[in-house]
Amino acid sequence: MGKSVALICCLLGAAAMAGTGPTDAGWVEAEGLVSLTLPGPDGLEYLVEPLESRPVWGESDDTEPLHRVVTLRLSVGDGTETVVEVDLSRGCVLTLDRVAPDGCLYLLLGGNSRYDLLSWRPGNDAELLLEGGDFIARTADERLILTRDLPCDAEAYGFGWGFAMPMRSDCSPPGGISQSLYQQYLLLDIELEKILEPLWLVSASSYLADDPADCSPARAIDGDIGTAWVEGVEGDGVGESLTLELGIPTEVWSVALLPGYCASPELWRANGRPREVRLVLSDGTCLEWELEDDPYPKVIYLGLPFAETHMVSWLRLTILSVYPGERWADTAVSELTINFMEGY
């Protein structure tokens, strides 16, 4: 393709997709720009107009652009409109379009393992719900499995580490191991009754409910080291546990946790940290591990990374002993994840 290549929007309506991937419907590459009209509630029509397609080039000898910036005008029959730019990788432009019953327009754009989910509710700005996600699989009940990158920037908290959390599953992303910092599996309902429903569910035997900060178990899988699950029983939390349900059977070769309340060095010292833990997997594996007392990720390997894996649907981490906090008898875990790769 040359630099003059533009995009055409082929109207395929809001028909349900067929086949194995989301690219069975949508806009395809060609010359020219054509608008897309979608029916909405109350007889209103939604119009998606590509105003410009601008390629973004890399090295001078590249034969194809690295990315493509598409300017879209979104409007509805009553005259409400907005303009938005979307940065896309190579591949088809529009892979799924829907107007939900509540009048919100959703566009799943992208291709080649990079998908952006855009939503627009008339009267508001367009919102990017998913940026750069991988398409994983299509489920039997007409939903798509994608991944979403979550922030994992420890530099902002003064500890000076950075880390990656690659993941594998029985339906691996294209190209094998994902290189994103931290990912969470998501479900996108084709009929858009549920948008970006996390596949991972986490629960705990207890949590500190009367703290001004949110110390619920969900804070242990949010990709933010400034939050944490804090157990909520009297004493130091020995015997309390976190349970992570993975949503789909997943190949697991390690489990990692970030012990303590890592929002700041002061909070890390003030609260207790797990010292000895028991890890139980859904396949019956049971391991006990003693952790060093420092604010760095602790990795429990199930065997040689990538060589020995366990097909797991859930795991449970139980606190067996703790390093006491200097101020509070509350034990915290900032993050819990799978298939953590040290040194990345």
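Listing for the model above:
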{"item": "Solvent-accessible area, 1.4 Å probe, carbon plus sulfur percent, for region 192-321", "result": "50"}
{"item": "Sequence of Glu127, Glu276, Glu234 when ordered by accessible area, the most exposed leading, probe 1.4 angstrom", "result": "Glu234, Glu127, Glu276"}
{"item": "Taking all pairs of distinct alpha-carbon atoms in region 255-335, Kirkwood radius in angstrom", "result": "13.4"}
{"item": "Region 200-344, dipole about Cα centre (Lys/Arg Cβ +1, Asp/Glu Cβ -1), debye to the nearest 20", "result": "160"}
{"item": "Modelled FRET efficiency - R0 25 Å, Glu191 with Glu85, Cβ distances, 0.05 increments", "result": "0.35"}
{"item": "Highest to lowest packing among 325-332, 226-233, scored as the average C-beta count within 10 Å", "result": "226-233, 325-332"}
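The values are calculated or read from the model by the stated rules, or taken from the named source; none is laboratory data. Predicted model only: the values in this text are computed from it and were never measured. Positions of Cβ are generated from backbone atoms using ideal geometry, with glycine treated the same way; all protein chains shown enter the neighbour counts. Accessible surface is based on the protein model in full, side chains and every heavy atom, while ligands, DNA and RNA are left aside. Shrake-Rupley method; radii C 1.70, N 1.55, O 1.52, S 1.80 Å.
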